[in-house]
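The values are calculated or read from the model by the stated rules, or taken from the named source; none is laboratory data. Keep in mind the model is a prediction, meaning the values are calculated, not measured. Virtual Cβ from ideal backbone geometry, glycine too; neighbours counted across all protein chains shown.
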Ligand code: GLA
């Protein structure tokens, strides 16, 4: 039930979330925005267009709330959103080389939207689809379930894929994202969320001073088109070593081929422990000016740390803030880029009868 009233009759349920209109899609379908709140005052606003996290207000060390994700004021920005601000990404997060992969002996061709490669699900990925929303708030907190059925052959992918994503805001200031999917034919799937964080508050400058720790001893080196070569390389003695918390900006301009290819950080880190049965710590970011801490926990084997290298001041976002180079960073939990073309990477295949399920938690605190 979605509305301003409470869920009377469901003993342990939290009060239901607020739903408001967020405008229309280009073909005139109504888009909504949902406001999830918890008992400590944290607030997350999510639209069913692209499953996008539009705003996320988290407290600093003095209890002051600021919006810590980049985005647009209205639906118009999201309709053309080339930066993927806050969006759910599917059917396949990150790149597939030459827009091509083989499955069960058959070659599939996908639309290329990143040079010769396919990025984030193709030309019209899940970030541009209207999802069906349902309030599934319960004892864990206010929760929004989003479902989307991707047709067999959509953006070149085989199989009808039914994807379900549940966003839950807990009283421990965690945003849980539970992803699941089923298919009616063998296919590939790799879902993630593309929120850009700035723990000093969105639009408040660059993130180069944030301290970052990534729980990974290895990463997947890429070529100049950001396709993994296939190797899992040690981060030790490279500027990609974040095993100990280090400022994002400390080495970002080092004379390093991987950083040149990425125009900064835009790589997949191989999380220690591989695929986890329960979410474990993948990364921690800390902004000493506000004291805000973001911990990312996930069941996924990888995380794409992207340092906002394509932000160039041409986007004006929420509150009229201009997003310049590296004004936000992403920690996109995922299976590795281009996995369908690398048999040594954890498989992204999904077969009929199987259930795809991953969980990622963004946990906010301060110190
Ligand atoms: C991911 C990719 C980047 C870029 C951003 C969106 O992080 O790896 O190269 O495409 O998404 O701009």
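Residue 328 - would you say it is surrounded by 20 or more Cβ atoms within 10 Å (Cβ to Cβ), closer than 26 Å to residue 41 by Cα and at pLDDT 95 or above?
In short, yes.
If I filter the range 208-241 down to residues being part of a strand (DSSP E or B) and within 16 Å of the ligand (Cβ to nearest atom), which single residue comes out as surrounded by the most Cβ atoms within 10 Å (Cβ to Cβ)?
214
Within the range 336-350, which residues are crowded, with 17+ Cβ neighbours inside 10 Å and part of a loop (DSSP other than H, G, I, E, B)?
Correct list: 336, 337, 338, 342, 345, 348.
Just to be sure before I move on: is residue 262 within 16 Å of the ligand (Cβ to nearest atom) and free of Cβ contacts under 8 Å to residues at least 60 places away in the same chain in the structure I sent?
yes
For the range 78-91, how many residues meet the condition of being buried (at least 19 other Cβ atoms within 10 Å of the Cβ), within 27 Å of residue 314 (Cβ to Cβ) and either within 14 Å of the chain's Cα centre (by Cα) or modelled with pLDDT of 95 or more (or both)?
The total comes to 9.
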